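The values are calculated or read from the model by the stated rules, or taken from the named source; none is laboratory data. Remember, predicted model here, so these are calculated numbers, not experimental data. Reconstructed Cβ throughout: ideal geometry from the backbone, glycine too, with neighbour counts over all protein chains shown. Accessible surface areas use protein heavy atoms only, side chains included; no ligands, DNA or RNA. Shrake-Rupley method; radii C 1.70, N 1.55, O 1.52, S 1.80 Å.
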Amino acid sequence: MTRTPAALVLADGRIFRGRAFGAQGTSLGEAVFTTAMTGYQETLTDPSYHRQIVVATAPQIGNTGWNDEDAESRGDKIWVAGFVIRDLSRAVSNWRANRSLEDELKAQNIIGIQGVDTRAIVRHLRDKGSVAAGVFSGDAVTSDEEMLAKVKEQPSMAGADLSGDVSTDDVYVVDPEGDVKYTVISFDMGIKTNTPREFSKRGVRSVVVPSTTSFERVQELMKEYNAQGVFVSNGPGDPATADATVAEVRKILEADIPFFGICFGNQILGRALGMDTYKLKFGHRGTNVPVLNHLTGKIDITSQNHGFALKGTALEEFDTPFGPARVTHTCLNDDTVEGVALTNGRAFSVQYHPEAAAGPHDANPLFDQFLELLKEEAAEKTAGK
């Protein structure tokens, strides 16, 4: 069997050598790790991983192959910049698989490296923090100095405005299963396909709009589709660059339109309420992150993927132009802010992924919480006619 050499090169000079899998060549990005034991297909196709080289902590990857149902992006596109694993399964043993993981990586020109000590890589990233990196394979494996120079030349993830890279260019509609009960305008900052699906299960139509959509356009679409609320999705990049979207969300809050945000949407809402953001040392990526809801005392095990967070403390209360707000959720691993809300309940958001895919479904009832807001809004509109 041919063993094509490959190398993972970190900007701090650490180099891990292994074997190529998937496509061959050079790929640059930020090295991050995910602690998820399952769901690599959902991870690879999550637009929030744009420009990131993902290191899997699970020791063997690829045993469930690749299917045509579980991708989390439009067109089933893989968004990761590269994939780093210890062992690639030699056999695909899931009845839903259509092909192997490596076949799909080759088809989408995604560069991977296998046979490296992923425990050592993750320990290094936890100690030093997420760092610029590159995966080099085949003829792209050159001298250490040359590869390191290429890694260091790439732009930093801090200050990166990436939502425009992954967002839809045009408005599209995802209709519910059965009759339309309510409608939501959904900002696509890098939306996962399971989010409109969760709305659909509840009779909610999603009108998905580009990340650059103005409040005036939102108003037009709300009137056209008789919408009751606004949703802002997950997505990649530094929330500090999202000034335009923050400004439009402030207008939405000023208009007292029901609002729900996930992940990047949490950071957008927090900024709209006056909070600051910062880059985490190595982020939260996995399907096993414990979060405490301080309003209910309930702990959810959550699916997460973010490298930035809001500055704040548990149950912190503060004034905003839209009424009082508070920090509602924090991470039990490191006390990171995981949720904020207006105290009147008209706007709320969480840093994790209640749509899961992959991951536990503990937080799924957050969609029902938003549904109650949509019901209230529809009833108020009906009463006001």
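Below, the figures for the structure above:
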{"read-out": "Which of 74, 271 is most accessible, then next, and so on - probe 1.4 Å", "value": "74, 271"}
{"read-out": "Helix 365-384 axis, angle to the chain major axis (alpha carbon atoms, nearest 10°)", "value": "30 degrees"}
{"read-out": "Spacing of the two label points (7 Å from each Cα toward its C-beta) at residue 126 and residue 37, in nm", "value": "1.6 nm"}
{"read-out": "Rg/Rh for the stretch 163-384, where both radii come from Cα atoms and Rh is the Kirkwood radius", "value": "0.93"}
{"read-out": "Cut-off 11 Å between beta-carbons: net charge of the residues surrounding residue 8, Lys and Arg +1, Asp and Glu -1", "value": "+1"}
{"read-out": "Label-point gap, in nm, between residue 298 and residue 107 - each point 7 angstrom along Cα→Cβ", "value": "3.9 nm"}
{"read-out": "Estimated FRET transfer efficiency (residue 180, residue 344; beta-carbon r; R0 35 Å; 0.05)", "value": "0.85"}
{"read-out": "Cα gyration tensor shape for the stretch 119-207, rounded if a/c is under 1.5, else prolate or oblate", "value": "prolate"}
{"read-out": "The chain, helix-only ellipticity at 222 nm - DSSP H runs n ≥ 4, -39,500 (n - 2.57), divided by all residues, nearest 500", "value": "-7500 deg cm²/dmol"}
{"read-out": "Amide proton proximity set for residue 35, modelled H, under 5 Å, gap of 5+", "value": "285, 286, 287"}
{"read-out": "Virtual spin-label span in nm between residue 376 and residue 244, 7 Å along Cα→Cβ", "value": "3.2 nm"}
{"read-out": "For the stretch 163-384, accessible area per residue (1.4 Å probe, heavy atoms of protein chains only), Å²", "value": "37 Å²"}
{"read-out": "Helix axis angle, 118-128 relative to the chain longest principal axis, alpha carbon, degrees", "value": "60 degrees"}
{"read-out": "For the chain, alpha-carbon Rg and Dmax in angstrom", "value": "21.0, 73"}
{"read-out": "Heavy-atom accessible surface of the chain: percent carbon and sulfur, 1.4 Å", "value": "46 percent"}
{"read-out": "0 to 90° range, to nearest 10: angle between helix 215-225 axis and the chain longest Cα axis", "value": "70 degrees"}
{"read-out": "Convex hull volume per residue for the stretch 5-153, taking Cα atoms only, in Å³", "value": "94 Å³"}
{"read-out": "Solvent-accessible ranking of 38, 213, 343, largest area first, probe 1.4 Å", "value": "38, 343, 213"}
